Amino acid sequence: MRSSEHRSERARVVRDGIGLGTAVGLYGVAFGATATVAGLSVWQASLLSLLMFTGASQFALVGVLATGGSPFAAVGSALLLGTRNTIYGLRLAELLAYRGWRRVAAAHWVIDETTAVTVRESGQELSRLAFVSSGSALFLFWNLTTVAGALGAQSFGPVLQAALDSVVPAAFLALLWPRLVRGADLRREQRIVAVGGVAIALALTPFLAPGLQIIAAALAVLLAIRPTPANSRSGCARRPGSSSGASA
Amino acid sequence: MSPSTVWIVVIGAVVGTYLLKLAGLSVPPALLKRPLIGRCVELIPAALLAALVAVNALTREGALTVDFRLAALVAAGIALALRAPFIVVLLVAGGVGALGYVVAG
């Protein structure tokens, strides 16, 4: 009895992981198409999906290149967005408890989606199962669909190009959305920072080289700093009890 | 940008983003308890993603531009508010954008 419950629990975790991986992986079509339209070769687009494997950073990189941005701005925006994977890793390190080469390999799959399904599970075994099943499904579909999108984009006419131009901002909005809705961590601060980011980026667009306004938008986090006399040097530090969101 | 510069950008960003991932799994857990780092990193993506939404929807070649992309973005926002799955949001945006392009020329 106990073992059959255990089996069905494991099956559920694997099913959830693969389901999420498949759905999100399809989004790679948009990435592959955007990348080639931005001037990358099919090879470069595929290499990004294989080796970078973190969607928002990949989109930021090609988005900056598409607007004629500098190499510095392209790499900088990808790295700034990549910092959130560091925080995910901090959370996952205890749950997964990988050592040695397993840790080196697992790091490649530390992204939004795998973190979301992994932290839901309790215990090392189910956490690892969730991480590996979602990670492998995502990795497979993300890479297959990147190639499909990159090859497909070469035959795009103006109407499909317009559709693609419209999909890119929508994709960023979909990535941003969970941070702004009810139940999100630090929701109030996230909203303030998001509005600030939009204002900074649009205001600086006419004056900065393309892509730099995205990096400058990171300064919007300063809007969420609330120094207190007791805590005046703490910068971004969170005051106990000051947040409406759940604790991280 | 020359092809070799694009390669440097691709390789530099690949190495950098991987090291950021590995750092999270490798640093002592005590760092997680430091709210200063945690909160800054937790908020930076919101600023960047919002900026990327705005710049990709509302600018073209360094100038503010309102066109079919804004209609598509509004449609995507409605789809998200209705809790549509990711892929549906993208299809809605693409469809509305293409329609807007055809209608508005």
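Tell me, what ³J(HN,Hα) does each residue in region A:123-138 have, in order and in whole Hz, if you take phi through Karplus 6.51 cos²θ - 1.76 cosθ + 1.60 with θ = phi - 60° and put x for Gly and Pro?
Per-residue couplings from phi come out as x, 5, 5, 5, 4, 5, 5, 5, 5, 6, 5, 5, x, 5, 5, 4 Hz.
What is the mean number of Cβ atoms from other protein chains located within 10 Å of the Cβ atom of each residue in peptide B:67-75, rounded to a whole number? Don't skip to the answer; put the middle values down first.
Values: counts 3, 4, 7, 2, 1, 8, 6, 1, 2.
Neighbouring Cβ atoms belonging to other protein chains average 4 per residue here.
Need one word for region A:166-228: rounded, prolate or oblate. Basis is the Cα gyration tensor (sqrt eigenvalues a ≥ b ≥ c); a/c below 1.5 gives rounded, then a/b vs b/c decides. Mind dumping the intermediate values first?
Values: a/c = 3.13, a/b = 1.19, b/c = 2.63.
Oblate.
Which ³J(HN,Hα) values, rounded to whole Hz and listed in residue order, are derived for region A:67-74 from phi using the Karplus coefficients 6.51, -1.76 and 1.60 in 6.51 cos²θ - 1.76 cosθ + 1.60 with θ = phi - 60°, glycine and proline given as x?
8, x, x, 6, x, 4, 5, 5
Treat each spin label as a single point 7 Å out from the Cα along the C-beta direction, and report the A:HIS6 to A:GLN154 distance in nm.
Reported label-point gap for A:HIS6 and A:GLN154 is 5.2 nm.
Could you tell me which residue out of A:SER77, A:ALA217, A:SER8 lies farthest along the dipole of chain A toward its positive end? Charges go on the beta carbon: Lys and Arg +1, Asp and Glu -1, centred on the Cα centre.
Most positive-ward Cα: A:SER8.
Could you please rank A:ASP165, B:ASP67, placing first whichever residue has the fewest other Cβ atoms within 10 Å of its Cβ? Before the final figure, lay out each step's value.
Details: A:ASP165 24, B:ASP67 17.
With the sparsest Cβ surroundings first, the list reads B:ASP67, A:ASP165.
Placing +1 on the Cβ of each Lys and Arg and -1 on the Cβ of each Asp and Glu in chain A, which of A:TYR98, A:THR114, A:GLY149 has its Cα farthest towards the positive end of the resulting dipole?
Ranked along the dipole, the leading option is A:TYR98.
Between B:ARG83 and B:VAL27, what is the label-point separation in nm under the 7 Å Cα-to-beta-carbon projection?
3.5
Taking the beta-carbon count within 10 Å as an exposure proxy, list A:ILE200, B:ILE8 from fewest neighbours to most. List each step's numbers first, then the result.
Values: A:ILE200 22, B:ILE8 13.
Ascending number of Cβ neighbours within 10 Å: B:ILE8, A:ILE200.
Working out 0.36 nm times the residue gap between B:ALA104 and B:TRP7, then minus their Cα-Cα distance, what length gain in nm do you get to one decimal? Write out the running numbers ahead of the final one.
Numbers: separation 97, 0.36 × 97 = 34.92 nm, distance 3.77 nm.
The B:ALA104-B:TRP7 span can extend by a further 31.1 nm.
Which value, in debye to the nearest 20, describes the size of the charge dipole of chain A about its Cα centre when Lys and Arg Cβ atoms bear +1, Asp and Glu Cβ atoms bear -1, and nothing else is charged? Display every interim value, and only then the final one.
Details: 21 positive and 11 negative charges, 166 e Å.
Once rounded to the nearest 20, the dipole reads 800 debye.
As a footprinting exposure proxy, order A:HIS108, A:HIS6 by other Cβ within 10 Å, with the fewest listed first. Walk me through the intermediate numbers first.
Numbers: A:HIS108 18, A:HIS6 12.
In increasing order of surrounding Cβ atoms, one gets A:HIS6, A:HIS108.
Would you work out which of B:ALA81, B:ALA63, B:ALA23 lies farthest towards the positive end of the dipole of region B:1-87, given +1 charges on the beta-carbon of Lys and Arg and -1 on that of Asp and Glu, about the Cα centre?
Among B:ALA81, B:ALA63, B:ALA23, the one farthest towards the positive end of the dipole of region B:1-87 is B:ALA23.
Along the Cα-to-Cβ line of A:LEU219, 7 Å from the Cα, sits a label point; which residues in region A:181-212 have backbone N less than 14 Å from it?
A:196-209, A:212
Just in region A:119-225: which chymotrypsin sites (Phe, Trp or Tyr not before Pro) are loop by DSSP and have at most 13 other Cβ atoms within 10 Å? Can you show the working numbers first?
Numbers: sites: A:PHE131, A:PHE139, A:PHE141, A:TRP142, A:PHE156, A:PHE172, A:PHE207; in loops: A:PHE156, A:PHE207.
Listed in order of number, the matching sites are A:PHE207.
What are the residues whose amide H is under 5 Å from the amide H of B:ARG60, where those residues sit 5 or more places off or on another chain and H is modelled from the backbone?
Correct list: B:THR65.
Would you mind finding the longest exposed-site-free stretch of chain A, with exposed trypsin sites (Lys or Arg not before Pro) meaning DSSP loop and at most 11 other Cβ atoms within 10 Å? If you can, show how the numbers build up before the last one.
Numbers: sites that count: A:ARG99, A:ARG182, A:ARG233.
Answer from the scan: A:1-98.
Per-residue HN-Hα couplings for region A:88-102, Karplus 6.51 cos²θ - 1.76 cosθ + 1.60 at θ = phi - 60°, whole Hz, x for Gly and Pro?
Running phi through 6.51 cos²θ - 1.76 cosθ + 1.60 with θ = phi - 60° gives 4, x, 4, 6, 7, 3, 5, 5, 7, 6, 7, 10, x, 5, 5 Hz.
Determine the calculated [θ] at 222 nm for the protein assembly as shown from helices alone, applying -39500 (n - 2.57) to every DSSP H run no shorter than 4 residues and normalising by the residue count; nearest 500 deg cm²/dmol. Walk me through the numbers on the way to the answer.
Details: 15 runs with 245 residues, N = 353.
It lands at -23000 deg cm²/dmol.
Just so you know, all these numbers are worked out from the coordinates, no wet-lab data involved. Owing to the predicted nature of the structure, the values given are computational and were not obtained by experimental measurement. Cβ: placed from backbone, ideal geometry, glycine included. Neighbour counts: every protein chain shown.
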